[in-house]
1. Kindly indicate which of Leu171, Leu166, Leu148 is under 18 Å from the mean Cα position of the chain (by Cα) and either assigned to a helix (DSSP H, G or I) or modelled with pLDDT of 95 or more (or both).
2. Within segment 6-50, which residues are surrounded by fewer than 17 Cβ atoms within 10 Å (Cβ to Cβ), farther than 28 Å from Leu258 by Cβ and modelled with pLDDT of 55 or more?
3. Of a type in the set (Val, Ile, Thr), farther than 20 Å from Gly244 by Cβ, assigned to a strand (DSSP E or B) and not assigned by TED's automatic domain parsing to the domain that holds Ser213: does that describe Thr347?
4. If you check every pair at least six apart or on different chains, which have Cβ atoms under 6 Å apart with a residue in segment 96-108 that is charged (D, E, K, R) first and a residue that is in a helix (DSSP H, G or I) second?
5. State all residues of segment 229-277 that are open to solvent by 10 Å² or more (accessible area, probe 1.4 Å) and within 16 Å of the ligand (Cβ to nearest atom); if no residue qualifies, say none.
6. Pick from segment 127-154 the residues that are surrounded by fewer than 21 Cβ atoms within 10 Å (Cβ to Cβ) and within 16 Å of the ligand (Cβ to nearest atom): which of them is nearest to Glu80 (Cα to Cα)?
7. Tell me which residues, restricted to segment 292-340, are among the small types (Gly, Ala, Ser) and either at negative phi or within 19 Å of the chain's Cα centre (by Cα) (or both).
8. Please work out if Asp360 is loosely packed, with under 15 Cβ neighbours inside 10 Å and not in a strand (DSSP E or B).
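The values are calculated or read from the model by the stated rules, or taken from the named source; none is laboratory data. Predicted, not measured: the structure shown is a model, and the values here were computed from it. When we count neighbours, we look across all protein chains shown, and the Cβ atoms used for this are built from the backbone with ideal geometry, even at glycine. To get the accessible areas, we keep the full protein, side chains included, count just its heavy atoms, and leave off ligands, DNA and RNA. Shrake-Rupley method; radii C 1.70, N 1.55, O 1.52, S 1.80 Å.
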Amino acid sequence: MKLKYLIVAVMCALFTVGAHAQKFEGLALTPPMGWNSWNKFRMNINETLIREIADAMVSTGLRDAGYIYLNLDDGWQSTERDPNGFVQPDPKGFPSGMRAVGDYIHSKGLDFGIYSDAGRKTCGGRAGSSGHEYQDALTYAQFGVDYLKYDWCATDNLNPKGAYILMRDALYAAGRPIVFSMCEWGKSQPWTWAQEVSHLWRTSGDIGPYFDSVAYRNKKGWHPLSVLDIIDINAPLRKYAGPGHWNDPDMLEVGNGLPVNEDRAHFTMWCMMAAPLILGNDIRTMSRETLDILTNREAIAIDQDSLGVQGLRLMSQDGLEVWFKPLVHNDWAVCFFNRTEKPIDYTVDWNLPGFSFTDDVSGRSTLLNSAAYKIRDLWKKQDAGTTERPMKIKVPARDVILYRLTLKNPN
Ligand code: GLA
């Protein structure tokens, strides 16, 4: 008899959890924007640095441009858990504890992000969450966390879908709305199954501060990927992205040593791909040029457009690509992207049959063969005529020209 009751109780509990567990909806209706410690600082993070970054996010205007999340990556936690299994901050780097770090971040009008791993250990060898998912989710809620990046090292034979659903459910049960960012590098094609699980999923291996793969073409073993590599991995996945569930082509390397044209192209392509814009540079000491790229509000508006459609690579010839991204109010972003090391001259004939098409992902049509659009150059920050006549452009080497098209006579 008792056993029967027990079985019923367990089944009810399972049913209840199953019926209600879900991801938090409405948290990432546009791609998340913020900063993350990994690309620049690796494991060398501490609470002084994080406070300085928080201050810089405000003083540079990044926060007001939309970069809201301040995310700590690997290295905030100790290698071992405490005797009760609770994850502990690295005592050297974070003597005041994570709640204090979170309070400081929140006091600046920012949101607090943290990092863990579905396996035994993080990629940097710190304590992973395997076997402690519910305990960790509660701990993060107590810290005041708003965003969790969840990695995939030391996962042995774990099933990715099961492991990520487990943490999603743990976060949901803990009750504090937390953006859930999956980082399993695209291995199990999360775009095909993670829409109900997370708000964003990595589509590739780690980015490095490279425009192309020349630096590591002949290198054996692990190496980071270049901007071009990642664009080519991420571009075909556009139909899987949308409000609340984004393809994540990894964090930005803008300001980490690439020339300004390559930084601009990298940033622009992330905007065209509706990618999360998570900065990865030292924003305390960045140049004016870097800040100008990162705070170009008209470019950011392409990324953050509320239609939430990842851009389409419409044409590609001899290293020149033409990308289109549908926007609200029948606007379009159009990007001419030169992947090569030489400038390319091109005559844009807006009446070209290929430019009049219906996008099968969004159902939006360009009306270029029947209506005129005004053209705004988003990097020159000036109007550039209309689509009524062809225009000659010169796309500099490894750079972009980014336009926003707006119907001349909307009705
Ligand atoms: C993996 C992730 C990176 C970073 C490191 C931390 O490589 O893909 O983005 O989080 O782990 O160790």
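1. Numbers: Leu171 fails: under 18 Å from the mean Cα position of the chain (by Cα); Leu166 fails: under 18 Å from the mean Cα position of the chain (by Cα).
Exactly one of Leu171, Leu166, Leu148 is under 18 Å from the mean Cα position of the chain (by Cα) and either assigned to a helix (DSSP H, G or I) or modelled with pLDDT of 95 or more (or both), namely Leu148.
2. Answer for segment 6-50, where residues must be surrounded by fewer than 17 Cβ atoms within 10 Å (Cβ to Cβ), farther than 28 Å from Leu258 by Cβ and modelled with pLDDT of 55 or more: His20, Ala21, Gln22, Glu25, Gly26, Leu27, Leu29.
3. Answer is yes for this residue.
4. Hits for this filter: Arg99/Phe143; Lys108/Ala54; Lys108/Val58.
5. Asp229, Ile233, Asp248, Met251, Asn256, listed by residue number.
6. Per the stated criteria, the residue is Ser130.
7. Ala299, Ala301, Ser306, Gly308, Gly311, Ser316, Ala333
8. Considered against the rule, which asks whether it is loosely packed, with under 15 Cβ neighbours inside 10 Å and not in a strand (DSSP E or B), Asp360 comes out as yes.
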